[in-house]
1. Just checking, which of Met244, Met229 is touching a Leu at 6+ places or on another chain (Cβ under 7 Å), closer than 30 Å to Gly290 by Cα and of a type outside the set (S, T, N, Q)?
2. Looking only at residues that are of a type in the set (A, V, I, L, M) and farther than 16 Å from Val7 by Cβ in the stretch 34-59, which one is surrounded by the most Cβ atoms within 10 Å (Cβ to Cβ)?
3. For the stretch 251-268, how many residues are open to solvent by 60 Å² or more (accessible area, probe 1.4 Å) and either at pLDDT 85 or above or of a type in the set (S, T, N, Q) (or both)?
4. With the requirement that a residue be at pLDDT 90 or above and among the hydroxyl-bearing types (Ser, Thr, Tyr), what does the stretch 332-378 give you?
5. Please find, among Pro430, Pro388, the residue that is under 30 Å from Thr492 (Cβ atoms), exposed (fewer than 12 other Cβ atoms within 10 Å of the Cβ), touching a residue at least 12 places away in the same chain (Cβ under 8 Å) and not basic (Lys, Arg).
6. If you check Arg70, Arg132, which single one turns out to be open to solvent by 30 Å² or more (accessible area, probe 1.4 Å), at pLDDT below 85 and among the charged types (D, E, K, R)?
7. Within the stretch 188-234, work out how many residues are part of a strand (DSSP E or B) and modelled with pLDDT of 75 or more.
8. Of all residues in the stretch 232-250 being among the hydroxyl-bearing types (Ser, Thr, Tyr) and closer than 18 Å to Ser27 by Cβ, which is least open to solvent (accessible area, probe 1.4 Å)?
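The values are calculated or read from the model by the stated rules, or taken from the named source; none is laboratory data. Bear in mind the structure is a predicted one, so any value in this text is a computation, not a measurement. Here the Cβ positions follow ideal geometry from the backbone for every residue, glycine too, while neighbour counts run over all protein chains shown. Ligands, DNA and RNA are stripped out before the accessible areas are found, and what is left, the full protein with its side chains, is counted by its heavy atoms. Shrake-Rupley method; radii C 1.70, N 1.55, O 1.52, S 1.80 Å.
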Amino acid sequence: GDDVMTVIKTKAQWPAWQPLNVRAAPSAEFSVDRARHLMSFLTMLGPSPDWNVGLSGEDLCTRDCGWVQRLVKDLVPWDAGTDSGVTYESPNKPSNPQERIRPLTSLDHPQSPFYDPSGGPMAPLARVVVERIARKGEQCNTVPDTIDDIVADIAQEEKEEDNTPETCIYSNWSPWSACSSSTCDKGRRMRQRMLKAQLDPIMPCLHTQDFEPCMGPGCSEEEASTCMMSEWISWSPCSASCGMGMRSRERYVKQFPEDGSSCTLPTEETEKCAVNEDCSPSSCVVTEWGEWEPCSVSCGVGMRRRERMMKMEASDGSPCRAQLAEAEKCMMPECNAVVCMLSPWSDWGECSVSCGVGMRSRQRMLKTPVEPSLCPDELEQVEKCMLPECPTDCMLSEWSGWSECNKSCGKGHMIRSRMVKLEPQFGGLPCPETVQRKKCKIRKCTRGSRASDKRKRQEASDRRRAKQSRESVAEESSACPIRPWSSWTECTKPCGGGVQERVMNVKKKGKSSQPNNCKNKREIRACNVHPC
């Protein structure tokens, strides 16, 4: 139901009497969240009447509302109350009525394997280790109750360099969302964080969302993101107690790729294994081979050996003929070969650039007095490093020509403008002025109907410009196929002098029929020149 988040399942350790030194500890992965953070599990001891070990309702939340990093518990046996047997191999004897589950003690029965006349404490039979391998989302509560809780919480979180005020306390950033583009077109992805406390009401707390450009999986120009995997867990016991069987081992994903793609590396692998090649009744049952011991020499040719144990005698009483130890030759480096002893790697050096993508390196040294050229091991490693983007200053076009004077007589002004080609980014220099004005004076205005004269002169001027434009278009149209003038754009300012623009584009035809000197044309004029 909804009360259970993950069912914990492990592979059975069978036969139960398999020696500890030749079997792998069972393992499993499970998830918890802030609504379901109690862990319970039970495993039966076999053969036994109804004895078991386990944990009940173990809370994986910490007092300061984080998650337990590592938990180690020694386990003592419990009696399930369903069978009244007193030894491991007692015959079935159901308890009627069924008893309550209880821990076994050292004084339960003189025939019990745990019996101790002095009544000492029970020795643990097993140990369980719980380790946190990944963390997603927020802590187990939404907002801590006090500032002390906040500080305790923040102390456990990884610090990201940030320019937010110290009076604003945030949660960790969430994982990056999937890219908005599933193809190689540019998209965006987002991450968020939560404002936990604002210690100074006057100081604003911003920047709870963060965006960055991205592309679909496999489209990045940088090296492809990789999965970070754990080490392989030891091999499981062979599935067959006699003859050919299979065994497996597992590992888990410690960190998924940053680009949001899935991990394709295997998390489980299997191989064949052979145990007790002779399966006849006259053969004994033996364990799998243990690991090879170290070579008997440090250089040259030596010997190494491995052992296995007898688990069960032959069913017909025959002596065990299986080989319980074997040896083989092992080859170590030649005794006169150069031995290269190396120091640990140094810390990574500083990035070669102060912003953007650069390189950094680390080194290690030879601890033995030999020529570096004789050692095959590398003494220096180099990798890419990423720092915040470099500041980009504002970029502007060249100044346009000065416009005509806005008055036909008396004092007026002319303007010129330039366009923003690139906005400033990442703290670059802001854009300077894009419009300039200067005074102009055509002639003194005569008395009389100035408004009428001014209007007439303006109309005459407009007619002249229109005629010139038509003549210019007529001249060019014979050589260059052009489109009519576009409409004037909106004025860049509502008052105080702005600019408008219109363009005349060349019609695109075949390359062979179009002269090389055909170019698009652009006109700029003043607008809204009245004071604000």
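1. Met229
2. Step by step, filter the stretch 34-59, then rank; the result is Val53.
3. Residues meeting the conditions: 6.
4. Scanning the stretch 332-378 gives Ser346, Ser352, Ser361.
5. Among Pro430, Pro388, only Pro430 is under 30 Å from Thr492 (Cβ atoms), exposed (fewer than 12 other Cβ atoms within 10 Å of the Cβ), touching a residue at least 12 places away in the same chain (Cβ under 8 Å) and not basic (Lys, Arg).
6. Just a single option satisfies the conditions, and that option is Arg132.
7. Going through the stretch 188-234, the residues part of a strand (DSSP E or B) turn out to be 188-192, 195-198, 209-214, 228-229.
Within this subset, residues satisfying the condition of being modelled with pLDDT of 75 or more are 188-192, 209-214, 228-229.
Looking only at that region, the number is 13.
8. Selected residue: Ser248.
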